[in-house]
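Worksheet: the structure to be examined is printed underneath.
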Amino acid sequence: MLATTPWDQAVRAVVEGWLLGQAGGGAVADVIFGRVNPSGRLAETIPLSFKDHPSYLNFPGEHGHVRYGEGLFVGYRGFDAREQEVAYSFGFGLSYTTFGYRQATATATARGIEVRVSVSNTATGTAGKWSRCT
């Protein structure tokens, strides 16, 4: 059974914060109190069961040695290769706002391709100020 089941189905949102750094507490507080848009994405896949994980049969290993038997199918690749249903997929996340994009340009430079675009928060009740991003 997954550690978030069944309570995750009974709440309107879950704020995940187990890969935070030194400023993590303040960042979570900013999300909870609405000071910032919670626009993060999961950096891993959360299986329905720990037994579903591609590395399940290889961990914790024996005598201080772990066999990485999943090879290239580590993490989300293993779930994708088996077309396996998961609780939360790699990249899962949300945003409480919408964005508009305009004036996109791409220019070849000595360092590669430079892309510029104007972005605006288009959600109801926002100022809609356009910002230039590179």
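The values are calculated or read from the model by the stated rules, or taken from the named source; none is laboratory data. Everything numeric here is computed off the predicted structure, so don't read it as measured data. Ideal geometry is used to build each Cβ from the backbone, glycine not excepted, and the neighbour counts take in all protein chains shown. These accessible areas exclude ligands, DNA and RNA; they are computed on the full protein's heavy atoms, side chains included. Shrake-Rupley method; radii C 1.70, N 1.55, O 1.52, S 1.80 Å.
Give the carbon-plus-sulfur fraction of the accessible surface of the chain in %, rounded to a whole number; probe 1.4 Å, heavy atoms of protein chains only.
Accessible surface attributable to carbon and sulfur in the chain totals 58 percent.
Computed with a 1.4 Å probe over protein heavy atoms only, the accessible surface of the chain comes to 77 Å² per residue.
What is the range 71-117 by shape, rounded, prolate or oblate, if you read a ≥ b ≥ c off the alpha carbon gyration tensor as root eigenvalues and call it rounded for a/c under 1.5, prolate for a/b larger than b/c, and oblate otherwise? It would help to have the intermediate numbers written out before the result.
Working: a/c = 4.72, a/b = 1.68, b/c = 2.81.
Cα axes put the range 71-117 in the oblate bin.
Once the Cα-Cα distance is subtracted from the 0.36 nm per residue extended length, the LEU57 to SER120 segment shows a gain of 17.9 nm. When you filter the GluC sites (Glu not before Pro) in the range 19-109 for DSSP loop state and at most 11 other Cβ atoms inside 10 Å of their Cβ, you are left with GLU83, GLU85. Not counting the cut sites, what is the longest span of the chain without chymotrypsin sites (Phe, Trp or Tyr not before Pro) that DSSP labels loop and that have at most 13 other Cβ atoms within 10 Å? That would be 97-134. Using a Förster distance of 30 Å, how high is the FRET efficiency between VAL15 and LEU48, based on the Cβ-Cβ distance and rounded to 0.05? FRET efficiency, VAL15 to LEU48: 0.90. Estimated from the Cβ-Cβ distance and a Förster radius of 25 angstrom, the FRET efficiency linking ARG35 and ALA110 is about 0.05.
Kindly provide the trypsin sites (Lys or Arg not before Pro) of the range 1-100 that DSSP labels as loop, not H, G, I, E or B, and whose Cβ sees at most 14 other Cβ atoms within 10 Å.
Loop-located and lightly packed - ARG12, ARG35, ARG67, ARG82.
Here the spin labels are modelled as points 7 Å beyond Cα on the Cα-Cβ line, and at TYR68 and LEU94 they lie 3.5 nm apart. A cut-off of 5 Å between modelled amide H atoms, ignoring neighbours fewer than 5 places along the same chain, links LEU48 with ALA87.
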